[in-house]
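Okay, structure first, notes after.
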Amino acid sequence: MILKNGIIGGFVGSAVLAVVFVMKNMMGIMPEMDIIIMLSAMMGMPAIVGWVAHFMIGSIAWGGIYALANDSIPGGSQLGKGVVVGLAAWVMMMVVVMPMAGGGFFGMKFGMMGIGMTLMLHIVFGAVMGLVAASLENKVETA
């Protein structure tokens, strides 16, 4: 897979999550679990830096990994491969980022709702990333 396509897929997946983050906050759902604020606070920076970090991690890191390791990622279709990468991103967030940001190992500070919500968001991220990157390469298949 072409690196550019993975990065674009990761960017679009990150944008979809950004919309969900904003909607979640507007509805007042789990206001204590604001990933952007957590990221920016972890770096001691304003919220805009948290947004930039969110897009860089999703686009460059995970989109790049998706593209460069594509042939080695299990999951038959590009949708499946994207979901696998999304799940890997979720695990890394839960064991590295969450503890560093004060959410505890696997985000236990937020309980099962936080674990389930972040899992679903990362599955959506991976699916969108995989479908967008595949469409840019004309490799869309869903099975």
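Just so you know, all these numbers are worked out from the coordinates, no wet-lab data involved. The shown structure was predicted, so the numbers you read here are calculated from the model rather than taken from an experiment. Positions of Cβ are backbone-derived with ideal geometry, glycine not excepted, and every protein chain shown enters the neighbour counts.
Annotations
- Qualifying position, being touching a residue at least 24 places away in the same chain (Cβ under 8 Å) and polar (S, T, N, Q), among Asn70, Asn25: Asn70
- Counted as qualifying within region 57-121 are the helices (runs of 4 or more DSSP H) with 1 or more residues that are surrounded by 20 or more Cβ atoms within 10 Å (Cβ to Cβ) and β-branched (Val, Ile, Thr), namely 78-92.
- Residue list for region 32-48, filter: in contact with a Ser or Thr (Cβ under 9 Å, 6 or more places away or on another chain), buried (at least 16 other Cβ atoms within 10 Å of the Cβ) and in a helix (DSSP H, G or I): Ile35
- Members of region 1-16 that are more than 18 Å from Ala88 (Cβ to Cβ) and not in a helix (DSSP H, G or I): Ile2
- The single residue among Ser59, Ser77, Ser135 that is in contact (Cβ under 8 Å) with a residue 24 or more places away in the chain, under 14 Å from Ile8 (Cβ atoms) and out of contact with any strand residue (DSSP E or B) (no Cβ under 7 Å at 6 or more places or on another chain) turns out to be Ser59.
- Scanning region 15-34 for residues that are of a type in the set (D, E, K, R) and over 20 Å from Pro99 (Cα atoms) returns a single hit, Lys24.
- Qualifying residues in region 17-31 (those that are in a loop (DSSP other than H, G, I, E, B) and touching a helix residue (DSSP H, G or I) at 6+ places or on another chain (Cβ under 8 Å)) - the one nearest to Thr118 (Cα to Cα): Met30
- Whichever residue in region 80-128 is aromatic (Phe, Trp, Tyr) and without any contact (Cβ under 8 Å) to a residue 40 or more places away in the chain and, among such residues, is nearest to Ile36 (Cα to Cα): Trp90
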